[in-house]
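What follows is a set of notes on a single structure, which appears directly below.
The values are calculated or read from the model by the stated rules, or taken from the named source; none is laboratory data. On a predicted model such as this, the values are computed, not experimentally measured, just so you know. Note that each Cβ is placed from the backbone with ideal geometry, even for glycine, and that neighbours are counted across all protein chains shown.
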Amino acid sequence: MVYTSARDLDFQVSDLSPLPRPHRVLLTTPTHFDVEYVINPHMSENVGTVMKDVAFQQWKALRATYTALDVSPSVLNGKSGLPDMVFCANQTLPFYQPDADRRGVVLSRMHADERSDEVPYYADFFEDQGYEVERLPDDIDASFEGMGDAIWHPSRYLLWGGYGFRTSPDAYQAISDLLNVRVVLLELTDADYYHLDTCFCPLDEDHVLIADDALNDEGRALIETCFDTVIEAPDNEARHQFACNAHCPDGKHVLIQEGCEGTTERLRAEGFVPVELDTSEFLKAGGSVFCMKQMMW
Ligand code: ARG
């Protein structure tokens, strides 16, 4: 079932099957990371400006932060010629189906040709790790960018699906059928917020961090119906510092780009503990913490 309007929501989030927190994380080395082409507005001024050594230090700090939080990272090596491969949230959607005790990944169909060749490396990685690897049906003409646009509701078997720039709405009907899951769709219309993970960051079952300017009234109503508390990031922090591309792996700590002062203050007021990281080299490509990791069960 796919939902596009708050009026149609025929369930309470708290009645849905419990979903355990994923306890594993995948990171991809930034050895070949660069801005070599422009596929989102954030990249346009930054072609050729990535400082490789700085990027590597920033990535190592992210790896150390997950390790310190007891989520020990698996590491995949980035490949030459695939400068965006470091953004490992985009090539797959990992899933755990609580009712069937089944875990796997749905492979993405990248919108940009420049990124298509990244997907087979992730398919191989997950296959080697014993995950079921699912594909969208051949007969639908839909692009899908994994957890860039499809984000699990923490602790409940419910999927949020962004569409408008990278992922086609049709992909979500197919995913709903494949995984027997309800999907709530959010339309994206502002190109700075080209993936759902740039403007929507569920923290726990009840709290979500959002960039309000990225969402329309219907999206806002869907979010307010499903979460008790909506925390808004100031637009300048969300748009330019990727405040909503944060990640809360444990319901408490929020890994977030450093310097998002308005956002971190609001997070603290709700009892969260911000962990600030510098991802400035990755912001040049239009990504920060959330898209640099993939959580899996
Ligand atoms: N340059 C990459 C792209 O535009 C950045 C992806 C960042 N990932 C994300 N989930 N926002 O595809």
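Looking at segment 144-164, which of its residues are part of a strand (DSSP E or B) and either among the basic types (Lys, Arg) or within 13 Å of the ligand (Cβ to nearest atom) (or both)?
Looking only at segment 144-164, we keep the residues that are part of a strand (DSSP E or B), and these are 144, 150-152, 156, 158-163.
PHE144, ALA150, ILE151, ARG156, GLY162 - these are the residues of segment 144-164 that are part of a strand (DSSP E or B) and either among the basic types (Lys, Arg) or within 13 Å of the ligand (Cβ to nearest atom) (or both).
Determine if segment 252-263 includes at least one residue that is within 19 Å of SER155 (Cβ to Cβ), touching a Phe, Trp or Tyr at 6+ places or on another chain (Cβ under 9 Å), buried (at least 24 other Cβ atoms within 10 Å of the Cβ) and at pLDDT 95 or above.
Checked segment 252-263: at least one residue is within 19 Å of SER155 (Cβ to Cβ), touching a Phe, Trp or Tyr at 6+ places or on another chain (Cβ under 9 Å), buried (at least 24 other Cβ atoms within 10 Å of the Cβ) and at pLDDT 95 or above.
Would you call ASP204 under 18 Å from the mean Cα position of the chain (by Cα), on the phi < 0 side of the Ramachandran plot and free of Cβ contacts under 8 Å to residues at least 24 places away in the same chain?
No, not satisfied.
Looking at ARG135, ARG103, which one is touching a residue at least 24 places away in the same chain (Cβ under 8 Å), out of contact with any Asp or Glu (no Cβ under 8 Å at 6 or more places or on another chain) and among the basic types (Lys, Arg)?
The match here is ARG135.
With a cut-off of at least 3 residues that are more than 16 Å from the ligand (Cβ to nearest atom) and in contact with a helix residue (DSSP H, G or I) (Cβ under 8 Å, 6 or more places away or on another chain), name the helices (runs of 4 or more DSSP H) lying wholly within segment 180-297.
Passing ranges, in order: 217-226, 261-269.
Which ones in segment 76-105 are touching a helix residue (DSSP H, G or I) at 6+ places or on another chain (Cβ under 9 Å) and aliphatic (A, V, I, L, M)?
Matches in segment 76-105: LEU76, LEU82, MET85, VAL86, ALA89, LEU93, VAL105.
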